[in-house]
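Colleague: I am attaching a structure below and will ask some questions about it afterwards.
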Amino acid sequence: MENRGKPFDDQEEAILWRGSLAGDAQLFENLVDQTYDLLFQYGCKFCRDRDLVKDCIQDVFLEVWEKRQLLNANIPPRPYFLASLRRRLHRVVQYNRMSTFGDYDKIELDFESEFSVEQQFIQLESDQRLATELSYWLNELPKRQKEAVYLRFFHDLSRDEIAEIMDIHPQSVSNLLQTAFKWLKIHWKVGLMLCLRFWYQG
Amino acid sequence: MASAKSLVLAIRPANTPLSATERAAAVQQIMARLPDTVDSGQPRRIVRQIHWQSWLRVAAAILLITGAGWWFIQRPNRIDYAELVAQLGQTRVEQTNDTQQPRTVLLSDGSTVTLQPGSRISYPVSFRGNQREVVLQGEAFFSIAKNPVKPFVVYANELVTKVLGTSFWVRARQQDEQVQVTVKTGRVAVFSQADPQLSAKLKAPALDGVVLDPNQRIVYTRATEKMEKGLIEQPLMTGQQEHELQAFNFDETPVAQVFETLEKAYEIDLVYDPTLFRDCPVSANLTDLPLYEKLDLICKAVQARYVVIEGRIIIEGKGCSVAP
């Protein structure tokens, strides 16, 4: 559950990834176990059918295992998994829609995520109000901006990694994030400070 | 606005609940579906929720037919037993194991071949010429008499295995998707039948090609025509060192020395930085544990990790600082 607070150990993950690609099933199992939550949470943002999400995650991992000789051992695995899962979900949902004569134009999957405030992290009542306000405005963001913000700040992925996952140009990622911050800035003056903070990270 | 950070920390995306047991079950299901590299079983089936409409079925049928035709044309060249025997000529004997037990065949040079059930081998009555050539279909364990001037060559499906004197397994069943060679002792060289320099490499006195050491194996996937070299799943100690079993009882032994002992006993390369691990003492009795469990324990003790890459074991860690 806890994707935050306990950051992924990149070095350990790199070892698991290399070991998996070398054919070590035990390391592969650890890698699957370590990244499952992340993929599940991300997948559920696109699709309410949790069994379908699980099926797709399974397919992603089985494909990784089958193609392990062809994969690059020196890339971080998490963005790769996320990108594969996103593509696969799109493909499957697209299939389902086509086969039930759904409307062909709208095959773009929607990213649905609700941001909420965790009470236990807030001491002051005034902060509570601010946080609630911020989460409200985050929830009002357009879907693609929301997805970019979600990946950037809640999963700590880089601009290029997000570009790969969302299958868009890195510059488009910057644009999405900047538009999101501008929008937050207008609507939420306290956000200014945060925006500056994020700006220099992004 | 010092609390800005804590504000952001307090906001998080809503999570879909996933219990630990549910996740564990999902992970187990994935692991259960991994195609086993040893017993290449049935190709996996992917569960997809597709609601087929009739026009889609027709389209799929057409695709399937053209696809099958394409596959048939594109199919890589499969080489079977009969072809190989015909190529070699000479007067040959054939032994088939139709029983349920392994059966050992003695060759004229003193080598033995233990045929697994349902396997057969073709060999000349006496080995003449520069090579000892046999053809295998199925699975067998070879124990080859040493003769450096007359290499022993096993043809099995698309793989060619050349040895000077050693023991090894070949698994090349006709219907299997993979061909495997696993070495128990000594060294062997493996080539693909498709290798353009095959005949030259076979004649050369040295072992060219992909060379396998003990406890290494090669897996050739027939569909993709790819060879993959790796360690076997449960590396065994290579014979004569068994009397040294007590050597796995370590008492404040520097870990580098422990690694050396393992390298010798299993004849496996361990790659590590000797200077880093120079000062790490280990006390443990590792006798009777499989290799990987031994490594697990040692690595835990010195806070290192290991990865198996290309038949070698790479050990990574920060080494040991002076104890507090």
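Colleague: Explain nothing, just the number: relative contact order of region B:106-192, from Cα pairs under 8 Å at least 6 residues apart, as a whole percent.
Modeller: Details: 205 pairs, mean separation 20.6, N = 87.
Reported as a whole number, the value is 24 percent.
Colleague: Could you give the alpha-carbon Rg of region B:121-225 over 2.2 N^0.38 Å, rounded to two decimals? Could you put the intermediate results ahead of the total?
Modeller: Numbers: Rg = 12.6 Å, N = 105, 2.2 N^0.38 = 12.9 Å.
Compactness ratio reported: 0.98.
Colleague: Write out the trypsin sites (Lys or Arg not before Pro) in region B:112-149 meeting two conditions: DSSP loop, and at most 14 other Cβ atoms within 10 Å of their Cβ. List each step's numbers first, then the result.
Modeller: Working: sites: B:ARG120, B:ARG128, B:ARG132, B:LYS146; in loops: B:ARG128, B:LYS146.
Sites meeting the loop and neighbour criteria: B:ARG128, B:LYS146.
Colleague: Mean 1/r over all different Cα pairs, inverted: what Kirkwood radius does region A:10-99 give, in Å?
Modeller: Details: mean 1/r = 0.0744 Å⁻¹.
Taking the inverse mean of 1/r over all distinct Cα pairs, region A:10-99 comes out at 13.4 Å.
Colleague: What whole-number distance in Å separates the alpha-carbon centres of region A:18-87 and region B:101-117?
Modeller: Using only Cα atoms to place each centre, the spacing works out to 45 Å.
Colleague: Rank the residues A:THR179, B:THR275 as a footprinting-exposure proxy: fewest other Cβ atoms within 10 Å of their Cβ go first. Let's see the in-between values first.
Modeller: On the way: A:THR179 15, B:THR275 9.
Starting with the residue having the fewest Cβ neighbours, the order is B:THR275, A:THR179.
Colleague: Among the listed pairs A:LYS45/B:LYS318; B:LYS162/B:LYS300; A:LYS54/B:LYS184; B:LYS184/B:LYS300, give every one whose C-alpha distance is greater than 31 Å.
Modeller: Details: A:LYS45/B:LYS318 39 Å; B:LYS162/B:LYS300 40 Å; A:LYS54/B:LYS184 41 Å; B:LYS184/B:LYS300 29 Å.
Table pairs above 31 Å Cα-Cα are A:LYS45/B:LYS318; B:LYS162/B:LYS300; A:LYS54/B:LYS184.
All of the numbers you see were taken from the coordinates with simple rules; none came from a lab. Values in this document were obtained by computation on a predicted structure and should not be read as measured data. Every residue, glycine as well, gets a Cβ built from its backbone with ideal geometry; the counts of neighbours run over all protein chains shown.
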